[in-house]
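Note sheet for the following structure.
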Amino acid sequence: MRPPAELDLPLALDRAAGLPLHQQLAAALRSAVLDGLLPPGSRVPPSRLLGTQLRIARSTVLTAYEQLTGEGYLESRHGSGTFVPEQVHRVPTQHPRPAGASTADDTADDTPDRAAVDLRPGRPDTRRLVDGAWRAAWRDATGRDVPPVEPPAQGLPALREQIAAHLRAARGVIADPADVLVTAGTGDGLALIAHALGGPPPRLVAVEDPGYPAARRILTRLGWTVQPVPVDDDGLLVDRLPDLPVPPHLVLVTPSHQYPLGGCLPVSRRLDLLSWARRTGGVIVEDDYDSEYRFGAAPLPALAALDGDGQVVHLGTFSKVLSPWLRAGYLLAPPGLRRTLVAVRDDLGTPVSGITQQALSTYLASGAVQRHIARARRDYGHRRRHLTLLLAAHPHLQLRGTRAGLHAVIDLPAGTDVPAVLRRCARSGFLLADLRDYDALPHAVTRPGVALGYGDATLDELERAVTALASAAREAPLD
Ligand SMILES: Cc1ncc(COP(=O)(O)O)c(C=O)c1O
């Protein structure tokens, strides 16, 4: 598509309006993208040219471009300019009804009015993933000779080496590639552990409460008995483990970013957990699902890095770093446990295709994943700051758990009927998650609240979602 020499759009900036010019410009360009006036693939004018055209400073234009790049409405291509990405995948949504305009019954049909924006946790931003390095890696993987055998059960050696290097760079874990096993993500890794470890029934696993429901479902399906252990704002209450009637064979924890509440397990509790494992022979499964994305303070070292006794299996995934679409992850296990896990995997066969493993290995070796993480961390940080600012205007919505990751928890006033709030939000076009859906035992979550994923959201969507949530929470009946 030919680049426009000048932007042929009605961009009226109002110097008298209270809103800074860069925000006005960003809003006008954002609407132009959503309305199709700036179609995918089109190039926006160089900042200097647009500045001259609009009689504003070039830095104002750059600030607006930077903001829109963070939101995914624009992308900068090195040496060729700034473009509307080919996959601007948002359909324009209407603005929510003004607060109080809805008279609908909360118990009525909760079908969203239109294609809803799904802000439930779990979605990373994949808009900028497909770049030259990504395409080259897949071209290379599909262009190679196809072996007439299965990939090795433990994973391609080249990929295991790259994963060990990734663990060193991103998590400070010194891993021997021989101890890495390629998985199809956390769920697959957990299923493998569940098949391989634990004695005769009952097989017991302690889990965080509230915690990751998918993990509980997997373990239950595979015949394990789940023992919920409460968490506080810092994560698992390790001192409650000895209260369990029988010591569990496994403890599943999210120490870097407790899921879903967001706590980071303090060092003292980490050491207590390791010494509990040493005493009882229990195995700790560390679900390290999103610790590449930590804002502000550097992440604490992984539990696996503190483990001197071979008690920790570290589960990593590319679902947040790249996409859950890939189904790729890894586990790192001390040699004793690793041998057992590999033997079981050998019987089951690897679920990760050799082509995916080859492409991932080439992609990691190119250094592109580190660049992607750095870029995504900036974008997520931008969204997180925006969310914080938006919520500051609504004292009845209390934000917590935004030090890391791609989701946040928003506490609602005591007694709020959360399902009613969620139905109202859905009718305004936004899906959020009820914090109680993460409970293992009824009422583990003591405060009403919602979980909101900001990984895949634009700033504009966050703005509208917060407006919808604020008015829904004000109007919802107390239970
Ligand atoms: C706590 C937790 N662990 C792990 C994952 C990733 O799972 P998988 O690698 O199976 O996609 C998620 C995804 O949402 C998660 O919330």
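Rounded, prolate or oblate, given the Cα gyration tensor of the range 328-479, with a/c below 1.5 counting as rounded? Judged from the Cα gyration tensor, the range 328-479 comes out prolate (a/c at least 1.5, a/b above b/c). From the square roots a ≥ b ≥ c of the eigenvalues of the alpha-carbon gyration tensor of the range 328-398, which class results: rounded (a/c under 1.5), prolate (a/b over b/c), or oblate? Prolate, since a/c reaches 1.5 and a/b exceeds b/c. Full extension of the chain segment joining Arg400 with Gln53 gains 120.6 nm, where the gain is 0.36 nm per residue of separation less the Cα-Cα distance.
Expressed as an acute angle from 0 to 90° and rounded to the nearest 10, what is the orientation of the C-alpha long axis of helix 418-427 relative to the principal long axis of the chain? With rounding to tens, the tilt is 40 degrees. For the pair Leu9 and Ala158, label points projected 7 Å from Cα toward Cβ lie 4.3 nm apart. Spin-label model, Ala17/Ala343: points 7 Å from Cα along the beta carbon direction are separated by 6.9 nm. I need the Debye-formula profile for the range 113-166: one equal scatterer per C-alpha, no solvent, reported as log10 I(q)/I(0) at q = 0.18, 0.20, 0.24 1/Å, two decimals. At q = 0.18, 0.20, 0.24 Å⁻¹ the computed log10 ratios are -0.91, -0.99, -1.11. The fraction of all Cα pairs in the range 132-366 landing in successive 10 Å bins from 0 to the largest distance is 8, 34, 36, 17, 5, 0, given as whole percents. In this label model, Gln370 and Thr388 are separated by 2.7 nm, measuring between points 7 Å along each Cα→Cβ vector. Listing Arg279, Arg384, Arg58 from fewest to most neighbouring C-beta atoms within 10 Å gives Arg279, Arg58, Arg384. By the count of neighbouring beta-carbon atoms within 10 Å, fewest first, Ser256, Ser353, Ser291 end up ordered Ser353, Ser291, Ser256. Counting only alpha carbon atoms, the long axis of helix 368-392 and the longest principal axis of the chain meet at about 70°.
How tilted is helix 335-348 with respect to the longest principal axis of the chain? Cα atoms for both, answer in degrees (0 to 90, nearest 10). With rounding to tens, the tilt is 80 degrees.
Taking 0.36 nm per residue of separation and subtracting the Cα-Cα distance, what length does fully extending Arg436 through Arg278 add? Write out the running numbers ahead of the final one.
Details: separation 158, 0.36 × 158 = 56.88 nm, distance 3.31 nm.
Between Arg436 and Arg278, full extension yields an extra 53.6 nm.
In the range 21-83, the C-alpha radius of gyration followed by the widest Cα-Cα span (Dmax) gives 10.7, 27 angstrom. Put simply, the convex hull of the Cα atoms in the range 209-316 casts, on average, a shadow of 6.6 nm².
Kindly identify the chain as rounded, prolate or oblate by the Cα gyration tensor criterion: order the square roots of the eigenvalues as a ≥ b ≥ c, call it rounded if a/c is under 1.5, otherwise compare a/b with b/c, prolate if a/b is larger, else oblate. Oblate shape, in that a/c is at least 1.5 and b/c is the bigger or equal ratio. Taking every DSSP beta bridge that has both ends in the chain, the antiparallel portion is near 55%.
So how much slack lies between Leu271 and Ala27, counting 0.36 nm per residue of separation and subtracting their Cα-Cα distance, in nm?
Values: separation 244, 0.36 × 244 = 87.84 nm, distance 4.94 nm.
Length gained between Leu271 and Ala27: 82.9 nm.
Put in line by how crowded their Cβ is, counting other Cβ atoms within 10 Å and starting with the fewest, Phe318, Phe83, Phe295 read Phe295, Phe83, Phe318. If you plug the beta carbon distance of Asp239 and Ala116 into 1/(1 + (r/R0)^6) with R0 = 30 Å, you get a FRET efficiency near 0.10.
No value in this document is a laboratory result; all are computed from the given coordinates. These numbers were taken from a predicted model, which means no experiment stands behind them. No Cβ is skipped: glycine too gets one built from the backbone with ideal geometry, and neighbour counts run over all protein chains shown.
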